[in-house]
Amino acid sequence: MFVRDCMTANPIAIPKDTPIFQALEIINKHKIRHLPVVQGSKLIGIVTERGLLRISPSPASTLSVYELNYILAKLTVAEAMVKNPITTTPDTPIEEAALVMREHKIGCLPVVEKTELVGIITQTDMVEALVRLFNLRKAGSRLVIEATDRIGVLAEITSFFREKGVNIRSLATLEREPGIYHLTLRLNLPDARDLARELEGMGYRIISVS
């Protein structure tokens with residue numbers, strides 16, 4: 001799965017001279033938290049709801065409504081945007097994009113081709129990607145098997161299910177400790193308990209079955 005499979009294409013974007021109050025209206029109207037800032041189609045920055053609120057006058061300000069409106073009308077997103085934000089490309093593997101977001105502690109990545117904004121991918125999109133990768137919207141069972149890191153272990157397990165006529169809808173591996181992996185499989189049958197017992201008879205430890 002790649003970024004292009006999960007991103008929001010042609011996202012809402014604003015020029016840098018957009019007043020802050022107008023940017024906040026766009027965020028509230030569309031229920032989003034990030035707005036790319038563009039010059040033509042070129043990405044030049046990004047603003048967040050938190051960043052815009054931070055630069056806006058406090059509601060506890062002693063300024064009059066007239067003075068507040070005047071100040072807000074003068075403030076633009078150019079004063080609040082993050083310049084040269086971290087970006088990704090449509091062809092970046094989804095797991096690499098997730099790692100970048102995690103390491104830099106950011107909530108989104110603008111998606112660019114050369115310098116042109118073509119999309120945006122957010123934490124919500126990453127969760128949706130996880131749902132799709134695990135086929136969670138399809139009925140079935142979930143089986144977690146503990147296995148050692150050895151050549152042929154996946155072939156052995158997948159051959160077992162092939163012989164049983166069971167389709168593996170998704171498979172993920174997690175290294176719990178050096179040389180020990182948990183294999184999480186989603187299967188196209190409602191109850192995998194009998195298969196789990198057979199796997200235990202083959203020497204595998206079953207962590208969970210549901």
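The values are calculated or read from the model by the stated rules, or taken from the named source; none is laboratory data. No experiment lies behind these values; they were computed from the predicted model shown. Cβ: placed from backbone, ideal geometry, glycine included. Neighbour counts: every protein chain shown. Quick note on the areas: whole protein, heavy atoms, side chains included, nothing else; ligands and nucleic acids left out. Shrake-Rupley method; radii C 1.70, N 1.55, O 1.52, S 1.80 Å.
Tabulated data
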| item | result |
| --- | --- |
| Filtered residue count, the range 57-103, keeping only those that are at pLDDT 70 or above, closer than 23 Å to Pro15 by Cα and among the hydroxyl-bearing types (Ser, Thr, Tyr) | 4 |
| Filter result for Pro36 (closer than 30 Å to Leu133 by Cα, open to solvent by less than 70 Å² (accessible area, probe 1.4 Å), modelled with pLDDT of 95 or more and assigned to a loop (DSSP other than H, G, I, E, B)) | no |
| Sole exception among (1) in a strand (DSSP E or B); (2) farther than 30 Å from Thr87 by Cβ; (3) free of Cβ contacts under 8 Å to residues at least 60 places away in the same chain for Leu174, by number | (2) |
| Breaking point among (1) modelled with pLDDT of 90 or more; (2) open to solvent by 60 Å² or more (accessible area, probe 1.4 Å), for Arg54 | (1) |
| From Arg137, Arg186, Arg142, Arg132, residue being farther than 30 Å from Pro36 by Cβ and either open to solvent by 70 Å² or more (accessible area, probe 1.4 Å) or of a type in the set (Val, Ile, Thr) (or both) | Arg142 |
| Residue in the range 1-41 that is nearest to Ala80 (Cα to Cα), counting only those that are over 21 Å from the mean Cα position of the chain (by Cα) and small (Gly, Ala, Ser) | Ala23 |
